[in-house]
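> Next up is a structure, given as structure tokens.
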Amino acid sequence: MESFEKANAILAEIINAAPGNADELEQFRIKYLGTKGVLKELFGAMGTLPNERKKEYGQLMNSLKTAAEGKLETLKELYAGSKTKATQMPDLTAPAYTLPLGTRHPLSVIRNKMVEIFSRIGFAVAEGPEIEDDWHNFTALNLPQDHPARDMQDTFFLTEDKNLMLRTHTSSVQIRVMENEKPPMRYVFPGRVFRNETITARAHCTFHQVEGLYIDEDVSFADLKQTMLYFAQEMFGRNVEVRFRPSFFPFTEPSAEIDISCFVCGGKGCPVCKYSGWVEIGGCGMVDPAVMDNCKIDTKKYSGFAFGMGIERITMLKYQINDLRLFFENDVRFLQQFDSAL
């Protein structure tokens, strides 16, 4: 139809138009968008079209108007305050603007430091998926469906049958390694984990862990204690002491909480250690034989230990930060305070 042909021709004109200065741009505006402009005339032709073609024509006219207004606004900014054609080239000999260098996020700094410390004593790094199935996240870790310890995990389930979820710990990667490798094995597992918790100064729905696993012949709790002592002194200072408090974890037996003597006050008592002289850094224990059986590892020949620490927890202690939420706010003033070369 004639109206469609004319509209398409005008659209091509608008797209190819190249006003060279502010005066030419004003003429462009008057011609196409003015009160007596081309577009107003074309819009008026809609009444002469059959009803079944009006919607298509209206869409075409909207495209025309959008194209004209877009070109007008773009060139208006370019030619603002100028009445001559914008042909001046930039000075290519002028010095470039310097860009400020960023720093690593404090969680990345501490994560790398933790991995580096354990690598010195033979621990390799293994990583796994953040979306896990029930077997790797719970069941293989000695948490069957009716186990009360499942109530300790506030899980983000992704399916109605609760078989897929966001992992609640990096222990799931331990299972994957034990399933696919034969002892001896010595790994740390850094990564992000998720729990459905209220965000406060001490808790978050997303956080990070570094867990560790060592399985070989004749591995004992003494090996675990020496490993944790080595880590604590490398991270917090040579004068730090370590103690172990009995605890419960479904996948280790016996289990313990790991405390270190307060490196701020030297164990005398201060706000960091809540005047107890000790601060908790994680949990650990000997790998439960049931977990090793689930992964087809001979428990008569092999034994092992596992441990886990929150990277946020270690970072807060190292830098004496009192609010977990600061790590996730991307406030440059906060992030610039940390030494990325720690």
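The values are calculated or read from the model by the stated rules, or taken from the named source; none is laboratory data. As the structure is a prediction and not an experimental result, all values here were calculated from the model. FYI the Cβ positions are ideal-geometry reconstructions off the backbone, even for glycines, and counts take in every protein chain you see.
> So which residues in segment 37-77 are hydrophobic (A, V, I, L, M, F, W, C) and under 47 Å from the mean Cα position of the chain (by Cα)? Working first, answer last.
Step one: list which residues in segment 37-77 are hydrophobic (A, V, I, L, M, F, W, C), which gives 38-39, 42-43, 45-46, 49, 60-61, 64, 67-68, 72, 75.
Scanning segment 37-77 gives Leu60, Met61, Leu64, Ala67, Ala68, Leu72, Leu75.
Yes or no, residue by residue, for (1) of a type in the set (D, E, K, R); (2) under 30 Å from Met178 (Cβ atoms); (3) in a helix (DSSP H, G or I):
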{"position": "Thr299", "(1), (2), (3)": "no, yes, no"}
{"position": "Ala306", "(1), (2), (3)": "no, yes, no"}
{"position": "Met309", "(1), (2), (3)": "no, yes, no"}
{"position": "Ile321", "(1), (2), (3)": "no, no, no"}
{"position": "Arg325", "(1), (2), (3)": "yes, no, yes"}
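> I've got another one for you. Given the options Tyr214, Tyr275, name the one that is among the hydroxyl-bearing types (Ser, Thr, Tyr) and either assigned to a loop (DSSP other than H, G, I, E, B) or over 28 Å from Asn112 (Cβ atoms) (or both).
One residue alone meets the criteria, Tyr275.
> Quick one: Pro100 ticks every box in (1) closer than 30 Å to Val188 by Cβ; (2) modelled with pLDDT under 80 except a single one, so which number is it?
Condition (1) is where Pro100 drops out.
> Now for a different question. Take Leu141 and tell me if it is touching a residue at least 12 places away in the same chain (Cβ under 8 Å) and surrounded by fewer than 16 Cβ atoms within 10 Å (Cβ to Cβ).
No, not satisfied.
> Hey, another quick one. Kindly indicate whether Lys300 is more than 19 Å from Thr103 (Cα to Cα), of a type outside the set (S, T, N, Q) and in the same structural domain as Ile175 (by TED's automatic domain parsing). Lay out the reasoning, then the answer.
Working: more than 19 Å from Thr103 (Cα to Cα): yes; of a type outside the set (S, T, N, Q): yes; in the same structural domain as Ile175 (by TED's automatic domain parsing): yes.
Answer is yes for this residue.
> Output the residues belonging to segment 267-284 that are in contact with a Cys (Cβ under 7 Å, 6 or more places away or on another chain) and at positive phi. Steps first, please.
Here is the first cut: in segment 267-284, the residues in contact with a Cys (Cβ under 7 Å, 6 or more places away or on another chain) are 270, 272-273, 277-279.
Of everything in segment 267-284, just one residue is in contact with a Cys (Cβ under 7 Å, 6 or more places away or on another chain) and at positive phi, namely Gly277.
> Does segment 135-144 include one or more residues that are more than 22 Å from Met114 (Cα to Cα), assigned to a helix (DSSP H, G or I) and aliphatic (A, V, I, L, M)?
Yes, the conditions are met somewhere in segment 135-144.
> Hey, another quick one. If you go through segment 102-147 one residue at a time, how many are over 16 Å from the mean Cα position of the chain (by Cα), among the acidic types (Asp, Glu) and within 27 Å of Phe248 (Cβ to Cβ)? Write out each step before concluding.
Residues of segment 102-147 that are over 16 Å from the mean Cα position of the chain (by Cα), as a first pass: 102-103, 113-126, 132-147.
Pick out the ones that are also among the acidic types (Asp, Glu) and you get 116, 132-134, 146.
Applying the additional criterion that residues be within 27 Å of Phe248 (Cβ to Cβ) yields 132-134, 146.
Qualifying residue count for the region: 4.
> Only residues that are surrounded by 15 or more Cβ atoms within 10 Å (Cβ to Cβ), touching a residue at least 12 places away in the same chain (Cβ under 8 Å) and not hydrophobic (A, V, I, L, M, F, W, C): list them for segment 217-240, please.
Scanning segment 217-240 gives Asp223, Lys225, Thr227, Tyr230, Glu234.
> Let me ask something else about it. Do we find that Arg245 is within 28 Å of His105 (Cα to Cα), without any contact (Cβ under 8 Å) to a residue 24 or more places away in the chain and out of contact with any Cys (no Cβ under 9 Å at 6 or more places or on another chain) in this structure?
no
> Then there's this: Look through Asp288, Asp293 and report the one residue that is more than 26 Å from Asp323 (Cβ to Cβ) and surrounded by fewer than 19 Cβ atoms within 10 Å (Cβ to Cβ).
Asp293
> Among the residues of segment 20-59, what is the count of those that are without any contact (Cβ under 8 Å) to a residue 12 or more places away in the chain, not polar (S, T, N, Q) and not in a helix (DSSP H, G or I)?
So the answer is 4.
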